[in-house]
Amino acid sequence: MDSQTNFDDIVQLCLLYGKILQESNATSDMINGNIQKIINHLNVENDEISTFNAETSFVIINRHDNTVKMIPVEHSGYNFEKILRVERVLDDFLANKLDTQSFLNELRVINNKTYSFPKRIRVISAALVCGGMNVIMNGLNWSFLTTFFLGIIGYWLYLKIKETTKINIFAILSYSTIICFLIVGLVKLNIVVEPYSILFSCIMPLLPGTTFVNAIRAMMDGNYLTGIIQSMDAFSTALMLGLPVAIIFSSVL
C-alpha cells in the first residue's frame, strides 16, 4: 500500500465486492473471508479494515482513523450466477491475471448486469414448489392443481407488489393475505376440503429457513450483529406470513 489514495481504492473495491455478494444472499463468512483474501493479496495489514454486513448496507471501517465507508444494498435475493461470476473474477485477481483496476472494472460490470430468470419462470418455479409440497403431504391428487394455480396467482402478485412498493415485508404480508382469502373463498365454494395443507404448501416459497440458518452460522462465526439482523429478518418474514393465517383462518374457518 503506497499511499492514502491506494488505500481508498482498496476500500472501494472491497465495498463493491461485499455489496454484490450481499445482494446475492451470500453468507457473511463467505463475504468476510473473501475480502480478507483481497486484503492479504494487496498487502494490507489485517487490522486495518473491519467489515460489517447490515441489512440495507455493507460497511467497512478503517481502524487507523475510525472512518466509516458504506455502500447501500438495495435488494437481496439468491443469485448464484452472480456469486459464481464474482468468484471467477476473484480467482483471476488472486492468480495475478487481473490488476486492481481491472478487478474493480469487472466487478462494476457484474454489478450493473442483471443475472436472473424471467419473471414467468420464477412464478412457475414457485408454483411447482407449492404443488410439490402438497404432493408430499397429500399425495398426487386434484389438490395439486389447486395449489399450483394458487401459487401462480399469489407469487405473481407478490412480485408485482414488491416491484411497485419496493418494500419486501409488505409484499410478503400481501402474499399471505391474498393466499388466505383465495383459499377461504374456495372452501366456501366447496372446491377445497383441506385448506391447511394447501396453505402450508403455498407459503413454502417465502419461508425464511435459509436466512435463519445463515443467521445461526454468522453468530457461530462471531458475527453477532450480522446474525441478530438476519434473525430479525427471518422472524419478521415468518410473522408476516403467519399473521394473516392466524387472523383470517381463525375468524372465517
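Within segment 122-135, is even one residue loosely packed, with under 14 Cβ neighbours inside 10 Å and not hydroxyl-bearing (Ser, Thr, Tyr)? No, every residue in segment 122-135 fails to be loosely packed, with under 14 Cβ neighbours inside 10 Å and not hydroxyl-bearing (Ser, Thr, Tyr). I'd like to check something: does segment 195-213 contain any residue that is surrounded by 15 or more Cβ atoms within 10 Å (Cβ to Cβ) and over 27 Å from ILE121 (Cα atoms)? There is no residue in segment 195-213 that is surrounded by 15 or more Cβ atoms within 10 Å (Cβ to Cβ) and over 27 Å from ILE121 (Cα atoms).
Criterion applied to GLU74, GLU106, GLU48 was being touching a Ser or Thr at 6+ places or on another chain (Cβ under 9 Å) and outside the structural domain of ILE203 (by TED's automatic domain parsing), and the one residue passing it is GLU74.
Taking the numbered list (1) touching a helix residue (DSSP H, G or I) at 6+ places or on another chain (Cβ under 6 Å); (2) more than 28 Å from PRO195 (Cβ to Cβ); (3) among the polar types (S, T, N, Q); (4) at pLDDT 90 or above in turn, ASN134 passes all entries but (2).
In segment 217-230, which residues are touching a helix residue (DSSP H, G or I) at 6+ places or on another chain (Cβ under 9 Å) and within 15 Å of MET30 (Cβ to Cβ)?
First pass over segment 217-230, keeping only residues touching a helix residue (DSSP H, G or I) at 6+ places or on another chain (Cβ under 9 Å): 217-221, 223-230.
ARG217, ALA218, MET220, ASP221, ASN223, THR226, GLY227, GLN230 - these are the residues of segment 217-230 that are touching a helix residue (DSSP H, G or I) at 6+ places or on another chain (Cβ under 9 Å) and within 15 Å of MET30 (Cβ to Cβ).
Go through segment 1-96 and tell me which strands (runs of 3 or more DSSP E), entirely inside it, have 2 or more residues that are polar (S, T, N, Q) and closer than 23 Å to PHE212 by Cβ.
Result: 49-53.
Within segment 163-175, does at least one residue satisfy the condition of being over 23 Å from ILE121 (Cα atoms) and buried (at least 19 other Cβ atoms within 10 Å of the Cβ)? No: zero hits. Among the residues of segment 233-252, write down those that are surrounded by 13 or more Cβ atoms within 10 Å (Cβ to Cβ) and touching a residue at least 60 places away in the same chain (Cβ under 8 Å). Matches in segment 233-252: ASP233, SER236, THR237, MET240, LEU241, LEU243, PRO244, VAL245, ILE248, PHE249, VAL252. A single entry from GLU74, GLU81 fulfils the requirement of being surrounded by 12 or more Cβ atoms within 10 Å (Cβ to Cβ) and under 17 Å from the mean Cα position of the chain (by Cα): GLU81. Tallying residues that are farther than 13 Å from LEU13 by Cα and part of a loop (DSSP other than H, G, I, E, B) within segment 99-140 yields 8.
The requirement of being free of Cβ contacts under 8 Å to residues at least 40 places away in the same chain and on the phi > 0 side of the Ramachandran plot is satisfied by GLY139.
Please go through segment 13-62 and pick out each residue that is among the acidic types (Asp, Glu) and more than 20 Å from ASN112 (Cβ to Cβ). Show your work before the answer.
Quick first cut of segment 13-62, residues among the acidic types (Asp, Glu) only: 23, 29, 45, 47-48, 55.
Result: ASP29, GLU45, ASP47, GLU48, GLU55.
The values are calculated or read from the model by the stated rules, or taken from the named source; none is laboratory data. These figures come from a predicted structure and were not determined experimentally. Note that each Cβ is placed from the backbone with ideal geometry, even for glycine, and that neighbours are counted across all protein chains shown.
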